Amino acid sequence: MTSENTMDDEDTFKILIATDIHLGYMEKDAVRANDTFQTLDEILKCAKTNQVDFILLGGDLFHENKPSRRCLHTCISLLRQYCMGDSPILFNILSDQAVNFSNSKFPWVNYEDDNLNISIPVFSVHGNHDDPTGADGLCALDLLSSAGLVNHFGRSQSVERIEISPVLLQKGSTKLALYGIGSIPDERLYRMFVNNQVTMLRPKEDQDKWFNLFTIHQNRSKHGATNYIPEQFLDDFLDLVVWGHEHECLIEPARNEQQLFYVTQPGSSVVTSLSPGEAVKKHIGLLRVKGRKMNLQKIPLQTVRQFFIQDLELADHPDLFTPDTPQVAKRVENFCCSKVEEMLEEAERDRMGSPLTPEKPLIRLRVDYSGGFEAFNANRFSQKFVDRVANPKDIIHFLRHREKKDNAKGDDQIDFKHVLARTSVDGLRVEDLVKEYFQTAERTVQLSLLTAQSMGKAVQEFVDKEEKDAIEELVSYQLEKTQQHLKTRGLTSQEDMDSEIQRFRDSKKNTAEEDEEVREALSRAKAHRLERGDNDRDPDLSDAPDDVTMDSDEDLAPPPPARGRGRGTRGRGVGRGRGRAAAEPKPAGRGRSQKAAGGNPSQSRSIMEAFRAPSSRAARASTTAKSYTDDIEEDDDDDDDDVSFVNKARPTQREVSSVSSKRSTQSQSQSNRGVMFDDNVDEEEFDPFKGSSRRRQR
């Protein structure tokens, strides 16, 4: 089969992916008024040129919750121009459309409407800029949905529980389950995941044959204790997650090694803030799915206005000027002017050969004038470039960093009670605080044998589970391993030994070997505790996972009891599916850290005492308990034509512990689990489906 036939055969889904178009942004600006409209035109034209099956939008199609009449008119005109026509739709929808589009006055997919002639369907979730508001709970996407131009899905009416029912699509032999959830305040959705109030329904039949695609519009990077959605919250049966809301273009799919799915972040298609993340080249994606295999082709956007940003610290140029230099303000202004000229020249070179790119670029120079310098008049400076840049009013941005005070403390001065208190107040994890401490104190207190991650886990065991020998055993175990390594190397000089120790430590950072060594040391500590008969700890704590905690500043609800045989069906054969609402289980001993900080009488040693000379006792074998998870299937009395769903019973806390403790050790052996992703394909001979399909071992 040739490459061309492989791409265009009857079993391949071709999907154009874009997020955060922000239609209408800066539409009143004299220079940038048409930027978003031109980019939407390019995106839709690209979809038509590549003859995609449908377009998937990840939210924020509009910049304003109430877009202007001009904005709505332009959007409707472009959708009608490119998405309506006589081209046949080559895939079928199998799920209950009354459930998928329950919020629409016309609860069915638009291309099956007898009154419409759709050639390219558009599926979209709403974002935080165009979310439903008002008494009727309507948004701009609802207007497009009623007009038959967009299929708005992934909307939830409840603020207490979310059930995500997929849009089930089939093209030839390829089955695609399209999940989506519109924008919800991050803190609320975080709480719902933690409290097991988010459920993702799955087809009961042939679960391993469905390609599971999920679209979400939330914070991906951590902005606070609960002001984001960790990737680990999402179910591990997913194959690809399209992440909206984040504007930096990271469209190259990244694999989550814990959940074993891929995440692609297309980013915005317009620059809405003059920040470094927006300076990355903008792309959209052409996703091809065939069976259980996928390939994502990056397509650069040509109509996006160029944006260049540069940081400048005046104190780094003492050879040119100092705060005491005569007419230093004039010298600094001239120096900044030369930097802007360099960026304009770079923009002109980059724009050559791209007639669709707007002429005037966006320029931002961030000037750090710390160290006694004075800021000059930014408005007067901007007048020099008013006809050459698209943002003449905010070219220069002055900032001044506060001078850092040297508050480094030695080992004996560390206030660990204050550190432990922060874990309950700030929602931080103990291992994060350990890592933060060693990063700030690295010059004076260096870790020669241990990594910050392994030490953080040992301290967490000490604090949360009162495993008194955890730190001591970790130091002892790592010392033995390092000594054995040095003996095999046969080094003699002290300098060579020091460099080899550092290299040996760095080679294990963030690897499965590091996790295995930590588990072995903790097993030694547990075995030593059991040997001396000290087994008076809380059994719930002793069975909690070793390496999973929750960054929650609230008490977590207890897990719901396992369901018996299913509840009544809804719609066309839809039952409650398996949705592991929080992939990071309940933190082990959330109250224990406060108890330890307050001076638990049973805790006879301090953390600092655990750092003393390691014990010489031999390694002790650890035992692990087996746990099992069972699938509970629901009975359906519906017709065979309907697609039903399965509910996988949520494992107990003890079962989660066993499964979680094995996950990292199996990461190497499970490399064949998940969807094959082929991104090293020559553009001239593009074959997204080379190699054998590697199916998940669930």
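The values are calculated or read from the model by the stated rules, or taken from the named source; none is laboratory data. Keep in mind that what you see is a predicted model, and the values were worked out from it rather than measured. Please note: Cβ atoms are built from the backbone with ideal geometry, for glycine as well, and neighbour counts cover all protein chains shown. Note: areas computed on protein heavy atoms with side chains; ligands, DNA, RNA excluded. Shrake-Rupley method; radii C 1.70, N 1.55, O 1.52, S 1.80 Å.
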Q. Can you pull out the residues in the stretch 63-86 that are in contact (Cβ under 8 Å) with a residue 60 or more places away in the chain and of a type in the set (D, E, K, R)?
A. GLU64, LYS66, ARG80
Q: May I ask you to say which residue of PHE123, PHE106 is over 28 Å from ARG220 (Cα atoms) and of a type in the set (A, V, I, L, M, F, W, C)?
A: PHE106
Q) Which ones in the stretch 108-151 are open to solvent by 50 Å² or more (accessible area, probe 1.4 Å), among the charged types (D, E, K, R) and assigned to a loop (DSSP other than H, G, I, E, B)? A) ASP114, ASP136
Q: Looking only at the stretch 215-250, count how many residues are in contact with a Leu (Cβ under 9 Å, 6 or more places away or on another chain) and without any contact (Cβ under 8 Å) to a residue 40 or more places away in the chain.
A: 2
Q) Among (1) assigned to a strand (DSSP E or B); (2) on the phi > 0 side of the Ramachandran plot, which single condition is GLN51 missing? A) (1)
Q: Answer yes if at least one residue in the stretch 31-44 is basic (Lys, Arg), in contact (Cβ under 8 Å) with a residue 60 or more places away in the chain and outside any loop (DSSP other than H, G, I, E, B), and no otherwise.
A: no
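Conditions tested, residue by residue: (1) out of contact with any Lys or Arg (no Cβ under 9 Å at 6 or more places or on another chain); (2) open to solvent by less than 40 Å² (accessible area, probe 1.4 Å).
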residue: GLN197; (1), (2): no, no
residue: ILE229; (1), (2): no, yes
residue: LEU238; (1), (2): yes, yes
residue: HIS245; (1), (2): no, no
Q. Taking interchain pairs and intrachain pairs at least six residues apart, which have beta carbon atoms under 8 angstrom, with the first residue in the stretch 298-322 and touching a residue at least 24 places away in the same chain (Cβ under 8 Å) and of a type in the set (D, E, K, R) and the second open to solvent by less than 30 Å² (accessible area, probe 1.4 Å) and part of a helix (DSSP H, G or I)?
A. ARG305/ASP35
Q. Does VAL99 fit the bill of being open to solvent by 20 Å² or more (accessible area, probe 1.4 Å) and in contact with a Gly (Cβ under 6 Å, 6 or more places away or on another chain)?
A. yes
Q. For the stretch 335-378, how many residues meet the condition of being open to solvent by 80 Å² or more (accessible area, probe 1.4 Å) and more than 38 Å from the chain's Cα centre (by Cα)?
A. 1
Q. Does the stretch 287-331 hold any residues that are of a type in the set (Ser, Thr, Tyr) and buried (at least 17 other Cβ atoms within 10 Å of the Cβ), and which are they?
A. THR303
Q.
So in the stretch 152-183, with the set limited to residues that are small (Gly, Ala, Ser) and not in a strand (DSSP E or B), which one is most open to solvent (accessible area, probe 1.4 Å)?
A. SER173
Q) Considering the stretch 208-221 alone, what residues qualify as being open to solvent by 50 Å² or more (accessible area, probe 1.4 Å) and either more than 20 Å from VAL242 (Cβ to Cβ) or of a type in the set (Val, Ile, Thr) (or both)? A) ASP208, LYS209
Q | Hits in the stretch 173-199 - residues which are touching a Leu at 6+ places or on another chain (Cβ under 8 Å) and farther than 19 Å from ILE55 by Cα | A | VAL194, ASN195, VAL198
Q: Only residues that are in a helix (DSSP H, G or I), of a type in the set (Val, Ile, Thr) and either modelled with pLDDT under 75 or open to solvent by less than 60 Å² (accessible area, probe 1.4 Å) (or both): list them for the stretch 453-501, please.
A: VAL459, VAL463, ILE471, VAL475, THR482, ILE501
Q: Take the stretch 53-107 and flag every residue that is under 32 Å from the mean Cα position of the chain (by Cα) and among the acidic types (Asp, Glu).
A: ASP53, ASP60, GLU64, ASP96
Q.
Here is a list: ASP387, ASP412, ASP368. Which entry is over 17 Å from LYS330 (Cα atoms) and modelled with pLDDT of 90 or more?
A. ASP387
Q. Is it true that ILE89 is in contact with a strand residue (DSSP E or B) (Cβ under 6 Å, 6 or more places away or on another chain) and touching a residue at least 12 places away in the same chain (Cβ under 8 Å)?
A. no
Q: Kindly indicate which of GLY127, GLY180, GLY137 is touching a His at 6+ places or on another chain (Cβ under 8 Å) and within 30 Å of THR74 (Cα to Cα).
A: GLY127
Q: Spot the failing condition for ASP60; the list is (1) touching a Phe, Trp or Tyr at 6+ places or on another chain (Cβ under 7 Å); (2) in contact (Cβ under 8 Å) with a residue 60 or more places away in the chain, and only one is missed.
A: (1)
